[in-house]
Amino acid sequence: MASIKVNGQLIEVPDYYTLMQAAEAAGAEIPRFCYHERLSVAGNCRMCLVEVKGGPPKPQPSCAMTIKDMRPGPNGEPPEMFTNTPMVKKAREGVMEFLLINHPLDCPICDQGGECDLQDQAMAYGVDKNRFAENKRAVEDKYIGLLVKTSMNRCIHCTRCVRFTTEVAGIAEMGLLGRGEDAEITTYLEKALSSELQGNVIDLCPVGALTSKPYAFNARPWEVTKTESIDIMDAVGSNIRVDSRGREVVRILPRVNDAINEEWISDKTRFIWDGLKSQRLDRPYVRKGGKLQAASWDEALATVAARVKKAGSKVGAIAGDLAAVEEMYALKSLLASVGSGMTDVRPVMSGIDPSMPRSAYVFNPTIAGIEEADAIVIIGANPRREAALINARIRKTWRAKGLPIAVIGERAEFTYEYSYLGEGFETLAELAAGKGPFADVLAKAERPLIIVGEGAVSHAKLGKQVGRDTIALAAKLATASKAVAEGWNGFALLHNAASRVGGLDIGFVPHDGGVCSADQIALAGKGELDVLFMLGADEYNMAATGKAFVVYIGSHGDAGAHRADVILPAATYTEKSGTYVNTEGRVQVTNRAVFPPGEAKEDWAIIRALSGVMGKPLPFNSLIQLRAAIYIEYPHLARVDQIASGTVADTAKLAKAVIKTKSAPFGSAIADFYLSNPIARASTVMGECAAIAVGLRQAAE
C-alpha cells in the first residue's frame with residue numbers, strides 16, 4: 001500500500017494504482033474519454049489531466065501515471081495531486097475546445113443524445129463560442145456490418161473500439177490509419193466485423209460515432225422504460241437492461257456483473273429484440289380438418305383436456321431451450337396428476353443421467369473462476385458459438401497468463417491459441433490415461449480446468465451411453481490431474497440452453513417409468529404415446545411424432561407450432577417473471593418489461609388453467625404460491641444470485657463408472673450462433689447476420 005494526498009485528503013491505496021484510480025478512491029471525479037477499466041491504457045484524449053505537486057509544471061494524464069511514478073516531498077511527505085485547481089480546469093477546457101473544433105452539431109439527430117459522454121463533459125468544460133473559423137474536418141462513414149452504424153465525423157479517436165476488438169473480442173479487424181487531421185478509425189478493407197461481441201463497441205464509444213444500426217431513430221433514452229432482467233439466449237445468464245416503449249421492447253443493453261458477463265453481452269443478446277415481436281403466437285389455435293384455425297381459450301383448453309383424459313398416462317412433455325423453472329414445475333405436476341413421468345429438458349440422447357449429482361451437470365469452477373485456471377482442456381464444445389461471454393473470459397485469462405489450452409473435438413477458429421489434440425473419444429481416453437503431449441502440461445498445472453460441452457455428452461445417432469462414458473472419462477481426467485482437489489473443482493459442464501440446469505434441478509427428466517425426449521418422440525411415432533406437450537420445444541424432429549396429439553405451449557411460430565394440433569400462445573422472457581439457473585448453477589430471475597401480445601398468457605398460468613379444465617387443479621393460483629411450492633421442494637432455488645455448489649467428492653465418484661465406449665466423434669452443439677432458438681430465427685437482424693457469417697466463412701476458405 002502507498003499513501004497519497006488527493007486534494008489535501010490523505011488516503012492509502014495499492015502502489016500500482018493510477019492517479020485516476022486513486023482520485024476515485026478519494027471520491028474525486030475525473031472526466032475521461034479514452035480510458036476504460038477493462039481495456040489497456042491509451043492516454044490519448046488528455047481529458048483526465050490533473051496537477052501533480054513537485055512534478056513537471058504542467059498537467060499530467062491521470063490514466064497513464066501511477067502512484068509509483070510520483071515523487072515524495074522533500075522531507076518524505078506523501079506525494080500530492082490536485083483535481084480541481086485553476087490549472088486543471090483551464091487544461092480540461094482547452095482539451096474540450098480542441099475536441100469540439102471538428103465535432104459536428106448532430107446532437108438533435110444523434111442516437112447517442114442523452115447518453116453521450118462528450119455532451120455531458122461539454123456541459124462542465126465546454127465554451128459557448130467557437131474561435132475557429134476554418135471548415136470542419138469531414139470523414140467518410142465506414143461499413144463495418146449490419147449491427148454498428150458509423151458516423152465518423154463525430155469520432156474523437158479515443159480508440160476504445162480498436163482496443164476492445166483487439167483485446168476482448170480477439171479480432172484484429174479495426175485500427176487507426178493516418179496521422180493528425182488525416183487519422184481515421186476503420187476496418188481496413190471496410191468489411192463486416194466477424195466477432196460475436198462487436199455490439200459492445202456501441203456502449204464503449206463516448207460519442208455518437210458508433211451507434212446501433214437496428215435501433216437507429218427508434219427512441220430517445222428519456223422515452224423508454226428501463227427494466228433490469230436476465231438474458232436467456234444462452235446458458236451464461238448475462239445481466240441485461242430491457243428498454244421498452246409502450247408495449248414493445250426497443251433495445252437491450254448490458255448491466256455490470258463481474259461474476260458473470262462483466263459489462264459485455266453477445267450480439268445475439270443485444271439485437272434479438274426485433275424477434276420478440278415477429279412471428280408471434282397471439283391467440284390459441286386448434287387443428288380442424290388438417291388446418292390450424294383460430295379458437296377461443298375455452299375451446300382450446302377443452303380440446304386438450306379431452307385428449308389428455310382419453311390418453312390416460314400415455315402423455316409426455318418436452319421442455320425447450322427457453323423454458324423457465326416455473327412452467328416446467330407446473331407441467332411436471334400436471335403430468336404427475338395423470339400418472340406420467342415422461343418429462344425431459346435434455347437434448348436428444350443426452351448422457352446426463354437423472355441419478356447423477358449436481359456437480360455432474362454444472363460449471364463447477366464458476367465463470368469468474370476461469371481466471372484462476374492455469375491450464376484448460378475443452379472437450380466437444382465451441383465456447384465462441386455456445387457461450388460467447390465465457391469464450392471472452394477464457395481469452396482474457398489466456399492474455400493475462402499465457403495459459404496453455406487444448407481442444408478435443410471440432411477444430412474451430414477460436415479467439416486464442418490452442419493445441420488441437422484430436423476429434424473424439426479416443427483422444428480423450430488417451431489424455432485421461434496420461435498419454436500425449438498435453439498430459440505433461442496437465443500434470444504440472446495446479447488448477448487445471450476441464451470444460452465438457454453438450455456436443456460431447458449428447459449423441460443422437462450413437463446413444464446415451466456415449467455421453468455417460470464421456471462424462472465419466474472427463475471426470476477421470478479431472479481427478480487424475482489436480483482439477484478436482486480440495487478448494488478447486490475444475491470439472492465444468494458447459495450448457496448452451498437457459499432452461500437446462502433449472503430443469504435438471506427440479507427433476508424435469510424421466511422418472512417413475514418415464515422415457516427421454518428421443519424415446520418419447522419414437523413412441524409417439526409408433527402410436528404408443530397419445531399426447532405430447534412441447535413446452536417451447538422446437539429443436540426436435542417433429543416429423544417423427546406420427547399421429548400423436550401435439551400440444552405446443554410457446555411464443556413463436558416455429559417448428560413446434562407448425563406440427564401442433566393445439567397451440568397455446570405463451571409469453572417470452574421479457575413478458576414474464578421467470579426463474580432460470582445458468583450453467584454455473586446460479587439462480588436468476590427475469591422481470592417483466594412488457595405484456596404479452598393479444599391473448600397470449602404466461603406459460604405457468606396456461607398449465608394451471610388446463611389442470612382446472614381437466615378437473616385436477618394444481619395447488620397454486622398465483623406466481624407467489626407457485627414459487628412457494630417450488631422453494632419448499634427445492635430450497636436452493638429461493639437463493640437468487642447464489643450458487644448451490646456441487647461437491648468435489650461427487651465429482652470424484654463420476655470417474656468410477658464403468659466405461660464401455662471405444663470411439664465417438666465430438667462436435668459443437670450449435671451449428672449457427674445467430675439462429676439457435678425460436679426468437680433468433682424470428683429476428684430479421686439475426687437472419688441477416690447469419691447470412692453474412694456464412695459469406696465471411698466462405699471467403700476465408
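Within the chain, what's the longest run with no chymotrypsin sites (Phe, Trp or Tyr not before Pro) in a DSSP loop and at most 10 other beta-carbon atoms within 10 Å? Give the range, please. Write down the numbers at each step before the final one.
Working: sites that count: 16, 217.
That would be 218-701.
Using alpha carbons only, how many degrees (0 to 90, rounded to 10) separate the axis of helix 603-613 from the longest principal axis of the chain? Approximately 20 degrees, to the nearest ten. Net charge dipole, the chain: roughly 980 debye, given to the nearest 20, about the Cα centre with Cβ charges of +1 for Lys and Arg and -1 for Asp and Glu.
Net charge near residue 455, counting Lys/Arg +1 and Asp/Glu -1 over other residues with Cβ under 12 Å of its Cβ?
On the way: positive: 385; negative: 386, 410, 423, 454.
Net local charge, residue 455 excluded: -3.
Counting only DSSP beta bridges whose two residues both lie in the chain, roughly 55 percent are antiparallel. Over what distance in Å are the Cα centres of region 1-44 and region 390-406 separated? That distance is 27 Å.
Here residue 250 sits with roughly 10 square angstrom of accessible surface, probe radius 1.4 Å.
Over 26 Å apart at the Cα level, from the set 58/136; 309/332; 309/576; 396/464, are 58/136; 309/576; 396/464. Counting every C-alpha pair in region 295-357, the share spaced more than 13 angstrom apart comes to 70%. Computed with a 1.4 Å probe on the full set of protein chains, the accessible area for residue 134 sits at about 130 Å².
So between residue 337 and residue 465, what do we pick up on full extension, going 0.36 nm a residue minus the alpha carbon distance?
Details: separation 128, 0.36 × 128 = 46.08 nm, distance 3.09 nm.
Using 0.36 nm per residue and subtracting the Cα-Cα distance, I get 43.0 nm.
Straight Cα distances below 17 angstrom link residue 526 to the lysines 314, 547, with same-chain residues fewer than 8 positions distant left out.
Using only Cα atoms, what Kirkwood radius does region 328-378 have, in angstroms?
Working: mean 1/r = 0.0704 Å⁻¹.
Final number for the Kirkwood radius of region 328-378 is 14.2 Å.
Exposure check, 1.4 Å probe, all protein chains in place: residue 675 carries approximately 60 Å² of accessible surface. Accessible surface ranking for 68, 310, 1.4 angstrom probe, highest first: 310, 68. Taking the inverse of the mean reciprocal distance over all distinct Cα pairs, the Kirkwood hydrodynamic radius of region 582-701 comes to 20.0 Å. In the chain, helical runs assigned H by DSSP with n ≥ 4 each contribute -39500 (n - 2.57); averaged across all residues and rounded to the nearest 500, the mean residue ellipticity at 222 nm is -8000 deg cm²/dmol. Is region 517-636 rounded, prolate or oblate when judged by the Cα gyration tensor, a ≥ b ≥ c being the square roots of its eigenvalues, rounded requiring a/c under 1.5 and prolate requiring a/b larger than b/c? Note, shape of region 517-636 comes out prolate. So what does log10 I(q)/I(0) come out to for region 1-131 at q = 0.15, 0.17, 0.18, 0.21 Å⁻¹, using the Debye formula with one equal point on every Cα and no solvent? Summing over Cα pairs of region 1-131 leads to -0.73, -0.90, -0.98, -1.24.
How would 276, 421 line up by accessible area, probe 1.4 Å, largest first?
Details: 276 10, 421 50 Å².
Sorted descending by solvent-accessible area, the residues read 421, 276.
Each distinct pair of alpha carbons in the chain adds a 1/r term; the inverse of their mean, the Kirkwood radius, is 27.6 Å.
Taking Cβ separations below 4.7 Å as the criterion for a possible disulfide partner, the isolated cysteines in the chain are 48, 63, 107, 110, 116, 155, 161, 205, 516, 689. By the rule of a C-alpha distance below 19 Å, with chain neighbours fewer than 8 residues away ignored, the lysines paired with residue 482 are 401, 435, 444, 653, 656. Over region 130-265, the pair-distance histogram of Cα-Cα distances with 5 Å bins from zero comes to 2, 9, 16, 20, 18, 14, 10, 5, 3, 1, 0, 0 percent, rounded to whole numbers.
The values are calculated or read from the model by the stated rules, or taken from the named source; none is laboratory data. As the structure is a computational prediction, the values presented were derived from the model and not from experiment. Positions of Cβ are generated from backbone atoms using ideal geometry, with glycine treated the same way; all protein chains shown enter the neighbour counts. Ligands, DNA and RNA are excluded from the accessible area calculation, which covers all protein heavy atoms including side chains. Shrake-Rupley method; radii C 1.70, N 1.55, O 1.52, S 1.80 Å.
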